Amino acid sequence: MRYYFFLTLIAVLCFSIGMNEVNGEEVYKWNFKPSENNEPSDTEPEYKKLLEKYDGLFIGDPEKKDVYLTFDNGYENGYTEDILDVLKEKQVPAAFFVTGHYLESASDIVKRMVEEGHTVGNHSWNHPSLPEISDKKIEEELGSVKEKFQELTGEKDMLYLRPPQGTFNESSLAKTRELGYINVFWSFAYVDWETSHQKGAENAYQSIMKRIHPGAVMLLHSVSEDNADALEKVIDEARKQGYTFKNLDDLVLDTELTTE
């Protein structure tokens, strides 16, 4: 089963604008447009319209040097606790988007995430493309994760969703918003999930610092040894450059204030 989740995670960053159609509605795969000189990223105009309509997020205020760390956790590869150690030492919040497989195989780590004040978000039970399954199946995929999470931690709320495989359309955004979720995409990512092609902590550090920008919602994968090894240096350097690490609740509040 571990290999299934590894393969599906690979699909997350395969960027293309349109993938296919479901019931006559186009299915999109998330992509962002990086800028030079650490300027904020952008994305497709159509994507921004849909996110605005259904309260989705991909970037914070481009005028503020705030950064939001998010990790996708499809399976445990031995590095998440190292990441948590760094976050605890540096007092940095993060969001971890977990699958059903992760909840079952790494339940103690999920409990630690909550105990140490991090956000745990929904990444579905089996990592399917949400716009390509029925509304009933979406409810089952997300409901199973939320129920298991509540059972493990006692937490009542699970507010944030990272769409599996980065795929979405208007119907999936509408349905998941109806279920109470805020879809969280990203304005920064790099190829970090290939566990057999890690290039070292310095490469991870350079890749991140090259593209860090005001309002960045950073997608990282906790299966990456490089990320775990580079994280402390990334945090220290980002702070030296004037960045502040915030959580997703701050991002939502800031977004609501700027749209009022």
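The values are calculated or read from the model by the stated rules, or taken from the named source; none is laboratory data. Note that the coordinates shown come from a computational prediction; the quantities given were computed from them, not determined experimentally. Counting neighbours? That spans all protein chains shown, and the Cβs are built from the backbone with ideal geometry, glycine included. Surface areas here come from the heavy atoms of the whole protein model, side chains and all, with no ligands, DNA or RNA. Shrake-Rupley method; radii C 1.70, N 1.55, O 1.52, S 1.80 Å.
Using θ = phi - 60° in the Karplus curve 6.51 cos²θ - 1.76 cosθ + 1.60, the 3J(HN,Hα) couplings for the range 34-51 round to x, 10, 7, 6, 6, 7, x, 6, 9, 8, 5, x, 5, 5, 5, 4, 5, 5 Hz; x is entered for Gly and Pro.
For the range 157-260, the Stokes-Einstein estimate of translational diffusion at 37 °C and a viscosity of 0.692 mPa s comes to 211 µm²/s, using the Kirkwood hydrodynamic radius over alpha-carbon pairs.
So I have (i) 1.13; (ii) 0.93; (iii) 0.98, and one of them is Cα Rg over 2.2 N^0.38 Å calculated from this model. Which one is it? Comparing each candidate, only (ii) matches the computed number. Can you send over the solvent-accessible area of residue 195, 1.4 Å probe, protein chains only, in Å² to the nearest 10? Near enough 50 Å² of accessible area.
Please report, as a whole percent, how much of the solvent-accessible surface of the range 141-260 comes from carbon and sulfur atoms (probe radius 1.4 Å). Provide the component values of the computation, followed by the final result.
Numbers: 2130 of 4990 Å².
That share works out to 43 percent.
Take residue 118: with every protein chain present and a 1.4 Å probe, its accessible area is about 20 Å². Here the Kirkwood formula puts the hydrodynamic radius of the range 68-137 at 12.8 Å, using every distinct Cα pair. Could you work out the relative contact order of the chain, using alpha carbon pairs under 8 angstrom and six or more residues apart, expressed as a whole percent? It rounds to 30 percent for the chain. Relative to the current alpha-carbon distance between residue 108 and residue 25, full extension at 0.36 nm per residue lengthens the span by 25.8 nm.
Between residue 254 and residue 202, the contour length at 0.36 nm per residue exceeds the alpha carbon distance by 15.4 nm.
So what's the back-of-envelope 222 nm ellipticity for the chain, counting only DSSP H runs of four-plus at -39500 (n - 2.57) apiece and dividing by all residues, rounded to 500?
Working: 10 runs with 111 residues, N = 260.
Helices in the chain give a 222 nm mean residue ellipticity of -13000 deg cm²/dmol.
The order of 211, 112, 239 by accessible area, most exposed first and with a 1.4 Å probe, is 239, 211, 112.
As a test of reading the structure, rank 25, 63 by solvent-accessible area (1.4 Å probe, protein chains only), most first.
Values: 25 50, 63 155 Å².
So the residues, ranked largest to smallest area, are 63, 25.
Here each label is just a point 7 Å from Cα along the line to Cβ, and for residue 49 and residue 156 those points are 3.9 nm apart. Of 139, 151, the order by accessible heavy-atom surface (1.4 Å probe, DNA, RNA and ligands excluded), from most exposed downward, is 151, 139. Checking the cross-link pairs 65/233; 64/210; 88/199; 88/210; 29/146; 33/111 against a 27 Å limit on the alpha carbon distance flags 33/111 as lying beyond it.
Among DSSP beta bridges whose residues both lie in the chain, state the antiparallel percentage, nearest 5. Given both bridge residues lie in the chain, the antiparallel proportion sits at roughly 30 percent.
Separation of the range 180-203 from the range 86-129 is 15 Å, based on Cα centroids. A 1.4 Å probe run over the chain, with the rest of the protein chains in place, finds 45 Å² accessible per residue. Applied to the range 184-201, the Karplus parametrisation 6.51 cos²θ - 1.76 cosθ + 1.60 on θ = phi - 60° returns per-residue 3J(HN,Hα) values of 10, 9, 7, 10, 8, 6, 8, 6, 10, 8, 7, 5, 8, 10, 6, 10, x, 4 Hz, with x for Gly and Pro.
At 37 °C and 0.692 mPa s, grab the translational diffusion coefficient of the range 147-206 from Stokes-Einstein with a Kirkwood Rh over Cα pairs, rounded to a whole number in µm² per second. If you can, show how the numbers build up before the last one.
Details: Rh = 14.6 Å.
In µm²/s, the coefficient rounds to 225.
In order along the range 238-252, phi translates into HN-Hα couplings of 4, 5, 4, 7, x, 7, 10, 8, 10, 9, 5, 4, 4, 5, 5 Hz, rounded to whole numbers, per the Karplus curve 6.51 cos²θ - 1.76 cosθ + 1.60 with θ = phi - 60° and x for Gly and Pro. Proximity of backbone amide H atoms, modeled 1.01 Å from N, is registered between residue 160 and 122, 182 at under 5 Å, excluding neighbours fewer than 5 places apart on the same chain.
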